[in-house]
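Below is one structure, written out as structure tokens, with a few remarks after it.
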């Protein structure tokens with residue numbers, strides 16, 4: 001998940017800065033929350049749910065962003081048919 005978050009932050013850094021920032025924050029928060037989950041003691045279940053929620057929310061936002069992208073037209077695709 002952190003690698004995907006950093007990749008998407010880099011991909012969207014020029015034209016969707018808000019999503020790029022959110023992706024970078026998620027990429028940093030995921031390993032931090034993962035480590036905090038095991039160090040939390042009695043709050044293990046709560047920390048686990050927070051980690052899963054952060055990652056699933058990012059995936060949902062990523063899906064929303066991907067659905068808004070326009071397909072790239074390939075001028076050579078028509079020539080190959």
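Structure data summary
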{"read-out": "Estimated distance in nm for a label pair at residue 1 and residue 57, the labels positioned 7 Å out from Cα along Cα-to-Cβ", "value": "1.2 nm"}
{"read-out": "Label-point separation in nm, residue 44 to residue 10, each point 7 Å along Cα→Cβ", "value": "3.6 nm"}
{"read-out": "Contact order relative to length of the chain, as percent, for alpha carbon pairs under 8 angstrom and 6 or more apart", "value": "22 percent"}
{"read-out": "Tail fraction, Cα-Cα pairs, the chain, threshold 16 Å, whole percent", "value": "59 percent"}
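Where a number appears in this text, it was derived from the coordinates with a stated rule and is not lab data. In this text the structure is predicted, and so the values were computed from the model without any measurement. Cβ atoms come from the backbone with ideal geometry, glycine included; neighbour counts cover every protein chain shown.
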